[in-house]
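One structure is given here, and the rest of the page talks about it.
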Amino acid sequence: MSPRAGAVLWTASRQALGGELDLLIAAAHPPASSPAGAAIALAVSLVRPESRGTLRLRSADPRDRPFIENNLLATARDRSRMLEGVKLSLEIGRAKAFASITGSEVMPGDQIRDDAELLRLIDAQVGSFQHTTSTAPMGGDTDEWAVVDGAGAVRGVGKLRVVDASIVPEVPSAPTNLTTIMVAEHIYRNALAR
Ligand SMILES: Cc1cc2nc3c(=O)[nH]c(=O)nc-3n(C[C@H](O)[C@H](O)[C@H](O)COP(=O)(O)OP(=O)(O)OC[C@H]3O[C@@H](n4cnc5c(N)ncnc54)[C@H](O)[C@@H]3O)c2cc1C
């Protein structure tokens, strides 16, 4: 990335619950549209979203692709936390420390005047980390949403197990690759020990 900016800020929004760190700001790949040919992009992520998406089967044929609806930023609290994160990123990007290496602000720039306009820009730009999880969540006996138990065994279906990102009980704030590997190794070791 040029100019080089490498740091991650992991922090709590004003609406964070129970000490969670729900906002992540990281230097990311600059947008290809940068008029200067080089740019620093500060990507803001809401890593403890309360909005929930859906996954529905199209048919009983496993080769048919399912319907996936991410439903990003669907709650007022998610929207205001994301707005807070974007404003924090603007404060960082406009700070003196960056002034000596940056020229102008590509986005949002001067034309964005208030929160409503900034939210419209967020809606137009929002994407996903692709860290989709929890479509077949693990849970206890009294959890009506639980699809599998703590060993990944599908409730009520005998010996069938699911061991992948779908069984993580709720969307983790951490990247899901290592999380999934950790869950799989844990279940495998427990199965061997029995
Ligand atoms: C574009 C993208 C970028 C990502 N970047 C990161 C990142 O930087 N860091 C991070 O931590 N996570 C990242 N993730 C998320 C991470 O890759 C996933 O959370 C993780 O791979 C989930 O593991 P899984 O085993 O549940 O599923 P998968 O890794 O998707 O494994 C499912 C496997 O099942 C196979 N399969 C599917 N259907 C069948 C079938 N009918 N028969 C046999 N095999 C089948 C597939 O080929 C695949 O190999 C990214 C995801 C995407 C899509």
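Read-outs throughout are calculated quantities, based only on the coordinates presented, and are distinct from any laboratory measurement. Only a predicted model underlies this, so the values are computations on that prediction, with no experimental measurement involved. Glycine also receives a Cβ, built like all others from the backbone with ideal geometry; neighbour counts cover every protein chain displayed.
Values as computed for the structure displayed
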quantity	calculated
Residues 45, 128 arranged by fewest to most Cβ contacts within 10 Å	128, 45
Around residue 183: net Lys/Arg minus Asp/Glu count, Cβ-Cβ under 15 Å	-2
For 144, 91, 105, order by how many other beta-carbon atoms lie within 10 Å, fewest first	144, 91, 105
Calculated FRET efficiency for the pair residue 151/residue 104, C-beta based, R₀ 45 Å, to 0.05	0.20
Length released on extending from residue 177 to residue 75, taking residue separation times 0.36 nm less the Cα-Cα span	34.1 nm
Where labels lie 7 Å past Cα in the beta-carbon direction, separation of residue 192 and residue 28 in nm	3.9 nm
In Hz, Karplus ³J(HN,Hα) per residue of region 97-107 (6.51, -1.76, 1.60; θ = phi - 60°; x = Gly, Pro)	4, 8, 4, 6, 10, 10, x, 10, 8, 6, 8
Alpha-carbon Rg/Rh ratio, for the chain, with Rh computed the Kirkwood way	1.05
Among 82, 138, 182, residue whose mean-square fluctuation peaks in a GNM of the chain (springs only between Cα atoms under 10 Å)	182
Total charge dipole magnitude, region 131-194, about the Cα centre, Cβ charges on Lys, Arg, Asp, Glu only, Debye to nearest 20	320 debye
Using θ = phi - 60° and Karplus 6.51 cos²θ - 1.76 cosθ + 1.60, couplings along region 54-60 (whole Hz; Gly, Pro as x)	9, 10, 10, 6, 7, 7, 7
Most mobile of 44, 154, 168 in a GNM of the chain (Cα contacts under 10 Å)	154
Contour excess over end-to-end distance, with Cα ends at residue 130 and residue 87 and 0.36 nm allotted per residue	13.1 nm
Packing-based exposure ordering (other Cβ within 10 Å, fewest first) of 29, 186	29, 186
Most mobile listed residue (63, 120, 79) in the chain, GNM with C-alpha springs under 10 Å	63
For residue 111, net neighbour charge (Lys/Arg +1, Asp/Glu -1) across residues whose Cβ lies under 13 Å away	-2
Rg followed by Dmax, in Å, when region 131-194 is reduced to its Cα trace	11.4, 32
Derived scalar couplings ³J(HN,Hα) [region 126-138; Karplus, 6.51 cos²θ - 1.76 cosθ + 1.60; whole Hz; x for Gly, Pro]	4, x, 10, 6, 6, 9, 5, 9, 6, 7, 9, x, 7
